[in-house]
Amino acid sequence: MRRLFPFAFLAFGSYAKSSANESETILDRSLRGMFRISFIDKETLNPKGHCTGFFISNDGFGVTSSYALENKEHCKIMVKTYDSREFEAESSSFENVPGIEFIIIKSNTEKIPLTKNEIRDGDTAFVLGLKDKYPYFNEVYITDTQQPFMRKKDGNIKTYRVIKTTPQIPKECVGGPLLNEAGKVVGVVINLEHGFGASVPINSIKELNQGTESSWAVVKLWKSAREGLLRIIENKAN
């Protein structure tokens with residue numbers, strides 16, 4: 001695991017096989033699309049937690065781990081972009097998209113591109129997270145693309161597929177992207193289990209979704225979730 005400070009030497013762990021130049025290129029390109037989330041208690045104004053997220057559009061639409069935001073109730077969600085701009089954000093999650101929280105701010109943003117390709121067991125990947133403005137960036141291996149992941153909610157246990165990666169992944173990477181060797185997003189890191197990463201595959205939530213109108217799932221999930229969050233912002237402004 002590497003915590004990279006400005007002008008720090010880029011060192012690689014025992015799993016690394018990509019060159020330093022390739023990794024630095026992926027890091028530099030991806031950082032522009034990253035953000036840090038803080039959720040602030042509306043009454044006390046005390047911070048209740050932090051996590052990483054990243055933009056998937058150029059107009060402020062992003063994603064993070066819904067598990068990292070489980071305590072967001074009665075909180076104001078603040079987003080700080082990598083270039084130090086701060087915004088109040090809106091968020092929403094969907095029952096049929098477990099593990100993912102959708103975030104939106106009203107601003108132009110850099111995005112990290114999504115892959116159209118499936119990742120395979122044994123592939124090299126990268127994880128990226130933020131703490132303050134310091135990036136945590138590490139090369140990992142994909143150990144299982146069909147790992148069952150169980151989560152208990154409201155007394156019910158739900159199981160879905162995640163991508164499992166080698167350790168050690170720092171907690172700062174939860175909510176951040178799982179990147180392939182081309183620097184494109186293959187998954188969202190939603191949780192850590194003993195240092196191993198669990199990521200929701202990005203392709204599993206890019207498909208057409210037949211949810212109800214109340215969940216905003218109308219054509220594609222990205223479009224419908226974004227439009228729903230924009231409506232919340234517009235209603236607040238009015």
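Values computed for the structure shown
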{"item": "Only listed residue being farther than 17 Å from Y136 by Cβ and at pLDDT 90 or above, chosen from S65, S19, S84, S92", "result": "S84"}
{"item": "Residue among G187, G183 that is in contact with a Pro (Cβ under 8 Å, 6 or more places away or on another chain), part of a loop (DSSP other than H, G, I, E, B) and at pLDDT 75 or above", "result": "G183"}
{"item": "Residue check, G176 more than 15 Å from R120 (Cα to Cα) and crowded, with 17+ Cβ neighbours inside 10 Å", "result": "yes"}
{"item": "Only one of V97, V79 that is at pLDDT below 90, aliphatic (A, V, I, L, M) and crowded, with 19+ Cβ neighbours inside 10 Å", "result": "V97"}
{"item": "Any hit, segment 142-160, residues being assigned to a loop (DSSP other than H, G, I, E, B), of a type outside the set (F, W, Y) and touching a residue at least 24 places away in the same chain (Cβ under 8 Å)", "result": "no"}
{"item": "Candidate set: segment 166-180, residues that are part of a strand (DSSP E or B) and within 15 Å of E118 (Cβ to Cβ); chosen: the one nearest to the chain's Cα centre (by Cα)", "result": "L178"}
{"item": "Check on I105, β-branched (V, I, T), over 20 Å from N203 (Cα atoms) and in contact with a strand residue (DSSP E or B) (Cβ under 6 Å, 6 or more places away or on another chain)", "result": "yes"}
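Residues are listed down the side, and each one gets a yes or a no for (1) part of a strand (DSSP E or B); (2) touching a residue at least 40 places away in the same chain (Cβ under 8 Å); (3) in contact with a Pro (Cβ under 6 Å, 6 or more places away or on another chain); (4) closer than 13 Å to L130 by Cβ:
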position	(1), (2), (3), (4)
S38	yes, yes, yes, yes
T44	no, no, no, no
A68	no, yes, no, yes
K76	yes, no, no, no
I100	yes, yes, no, no
S107	no, yes, no, no
E110	no, yes, no, no
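The values are calculated or read from the model by the stated rules, or taken from the named source; none is laboratory data. Everything numeric in this text was worked out from a predicted model, so none of it was measured. Methodologically, a virtual Cβ is constructed for each residue, glycine included, from the backbone with ideal geometry; neighbour enumeration extends over all protein chains shown.
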